[in-house]
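Structure, as structure tokens:
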Amino acid sequence: MTGNLAAPATVSAEADDALLEMVQRQTFRYFWEGAHRPSGLARDRQKTTGDPNNDLVAIGGSGFGFMAIVVAVTRDWVSRDAALNRLGTMLSCLEQATRFRGMFAHFINGRTAQTIPFSRMDDGADVVESALLFQGLLCVRQFFDRASAVERALRERIDRLWQEAEWDFYRRDGGNHLYWHWSPNHGFAMNQKITGWNEGLIAYVLAAGSPSHPIDADVYHQGFASGPAFRNGRSYYGIELPLGIDFGGPLFLAHYSFCGLDPRGLSDRYADYFEQNVRHTQINYRHCVANPHGHKGYGPDCWGLTSSHSPSGYVAHAPDNDIGVITPSAALSSFSYTPEEAMRALRSFSAKPTSRIWGRFGFVDAFSESRNWFARTYLAVNQGPIVIMLENFRSGLLWDLFMAAPEVQAGLSKLGFTSPHLTKNRGLINS
């Protein structure tokens, strides 16, 4: 990929699909040109000008990077051979990384593959970040399905990493929860259960479907789907929310697990997950339209609250934690849930001062018109869902790949989910 694509404001009269293509392609550059050069993995964050002077890469963000490369090959932004070469480099770093019963740390050094502690006690495994990585790896394995020696070796390398993940160990002595962290120095001392409605859904599905270290269905039902933060049933801005915390929380909850899990027709005893995500998104949108705090710029053309940078650091922005910061990823990753509202936001973002909101890797991470502040950074966990969820809106590509994986089919079936993908591929489940 060479050259710099035009800013979106220059194509405001073009068809919607052309605008989506341009934004998606420019954002992909984060994971291609903006990747950590020695490892090819995703930097946790990038700057609008110049690369960071460090070797820190993010495991969950790299999971999104793997998925973004699949999109790039499909749309001819990069060649299949170039992608295979990059993917091989990325896997080499992951294979050298210290793993903890098969799980990865939140951050690693892309040059040495050593763990970089997230905090004093968080110096070992991060199960949810690892799940986001495996979500991406399984999509890559499903996509590169040719009989060539290169693609066969790629699949085998992914399978080795995937099968070494000991999900059952993270039940902590056979209990009915998965735990988020484990440290070689502190064990389970952080004591953070993956429970209540959050981005950990993907971890439970993968753990249930693991071919080597699976968990029982009770761990999902008595662990994740338990506690006061799981069921909701209350109304916000006239919309009843089935699951989650009040007002739904940051919008990434409707994105991270659903980069691979297709929510369309996905349901279990607790919710219809497409309906859950639509309602969560609508509450977020209506809050920004109502704008109870009077933040400058908010409205039907400018909305979207999720975790991102802010003038005061990294903040989990949500209707009940609204400090006036809009994150473009919130609306742009929600096209499948609220397409008209998301397109209005995209056109609005495109009309803002290009030098402040748009750059080498697409829209900047966040902005606050009330404070006349525009981030000079990008985050992997926000840029990734833009590429992936826009592709799912346009073609369903990542949803189709991930949901066709036999292990995903097995995990969903074990946990009691129904989905059109399960009906379509029932032979895989029963084989």
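Just to check your reading of the model, which residue among S336, S350 is under 16 Å from A254 (Cβ atoms) and touching a residue at least 40 places away in the same chain (Cβ under 8 Å)?
S336
Quick check, is N321 open to solvent by less than 30 Å² (accessible area, probe 1.4 Å), under 17 Å from Y237 (Cβ atoms) and within 23 Å of the chain's Cα centre (by Cα)?
Against the criterion (open to solvent by less than 30 Å² (accessible area, probe 1.4 Å), under 17 Å from Y237 (Cβ atoms) and within 23 Å of the chain's Cα centre (by Cα)), N321 does not qualify.
In the stretch 219-276, which residue that is basic (K, R) and in contact (Cβ under 8 Å) with a residue 24 or more places away in the chain is surrounded by the fewest Cβ atoms within 10 Å (Cβ to Cβ)?
R269
Look through N382, N284, N291 and report the one residue that is touching a strand residue (DSSP E or B) at 6+ places or on another chain (Cβ under 8 Å) and free of Cβ contacts under 8 Å to residues at least 12 places away in the same chain.
Criteria check complete, one pass: N291.
Could you tell me how many of the residues in the stretch 51-94 are polar (S, T, N, Q) and assigned to a helix (DSSP H, G or I)?
Summing the residues that are polar (S, T, N, Q) and assigned to a helix (DSSP H, G or I) in the stretch 51-94 gives 5.
For P300, only one of the following conditions fails: (1) surrounded by fewer than 17 Cβ atoms within 10 Å (Cβ to Cβ); (2) under 15 Å from G238 (Cα atoms). What is its number?
Unmet for P300, out of (1) surrounded by fewer than 17 Cβ atoms within 10 Å (Cβ to Cβ); (2) under 15 Å from G238 (Cα atoms): (2).
This table checks each residue for (1) surrounded by fewer than 16 Cβ atoms within 10 Å (Cβ to Cβ); (2) not aliphatic (A, V, I, L, M).
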| position | (1), (2) |
| --- | --- |
| Y30 | no, yes |
| E33 | yes, yes |
| D44 | no, yes |
| G50 | yes, yes |
| A58 | no, no |
| G63 | no, yes |
| N85 | yes, yes |
| L94 | no, no |
| G102 | no, yes |
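Within the stretch 229-237, does at least one residue satisfy the condition of being in a strand (DSSP E or B) and in contact with a helix residue (DSSP H, G or I) (Cβ under 7 Å, 6 or more places away or on another chain)?
Within the stretch 229-237 (the criterion being in a strand (DSSP E or B) and in contact with a helix residue (DSSP H, G or I) (Cβ under 7 Å, 6 or more places away or on another chain)), the answer is yes, since at least one residue qualifies.
Quickly run through the stretch 211-249 and pick out the residues that are among the hydroxyl-bearing types (S, T, Y), closer than 30 Å to E164 by Cα and in contact with a Gly (Cβ under 8 Å, 6 or more places away or on another chain).
Matches in the stretch 211-249: S226 only.
Just name the residue that is farthest from S419 (Cα to Cα) out of those in the stretch 284-297 that are in contact with a Ser or Thr (Cβ under 9 Å, 6 or more places away or on another chain) and surrounded by 18 or more Cβ atoms within 10 Å (Cβ to Cβ).
Only one residue fits best here, namely H295.
Kindly establish whether M22 is open to solvent by less than 40 Å² (accessible area, probe 1.4 Å), within 15 Å of L154 (Cβ to Cβ) and without any contact (Cβ under 8 Å) to a residue 60 or more places away in the chain.
no
Scan (1) over 22 Å from G396 (Cα atoms); (2) among the charged types (D, E, K, R); (3) over 20 Å from the mean Cα position of the chain (by Cα) for the single condition D365 breaks and write down its number.
(3)
Within the stretch 207-249, count every residue that is more than 27 Å from G304 (Cα to Cα), small (G, A, S) and modelled with pLDDT of 95 or more.
So the answer is 7.
Would you please name the residue that is surrounded by the fewest Cβ atoms within 10 Å (Cβ to Cβ), looking only at residues in the stretch 168-188 that are part of a loop (DSSP other than H, G, I, E, B) and among the small types (G, A, S)?
Per the stated criteria, the residue is G174.
Would you check which residues across the stretch 191-217 are of a type in the set (F, W, Y) and open to solvent by less than 10 Å² (accessible area, probe 1.4 Å) and list them?
Matches in the stretch 191-217: Y204 only.
What's the number of the only condition in (1) over 22 Å from the mean Cα position of the chain (by Cα); (2) open to solvent by less than 50 Å² (accessible area, probe 1.4 Å); (3) polar (S, T, N, Q) that Q142 fails to meet?
(1)
Return the residues of the stretch 349-374 that are surrounded by fewer than 18 Cβ atoms within 10 Å (Cβ to Cβ), at pLDDT 95 or above and not in a strand (DSSP E or B); say none if nothing qualifies.
R356, R360, E369, S370, R371, N372
Does any residue of the stretch 158-167 turn out to be outside any helix (DSSP H, G or I), more than 25 Å from I388 (Cα to Cα) and more than 24 Å from the chain's Cα centre (by Cα)?
no
The values are calculated or read from the model by the stated rules, or taken from the named source; none is laboratory data. It should be emphasised that the depicted structure is a prediction, and the values quoted were computed from it without experimental measurement. Glycine gets a Cβ as well: all are built from the backbone with ideal geometry, and neighbour counts include every protein chain shown. When the accessible area is computed, the model is the full protein with side chains, heavy atoms only, and any ligands, DNA or RNA have been set aside. Shrake-Rupley method; radii C 1.70, N 1.55, O 1.52, S 1.80 Å.
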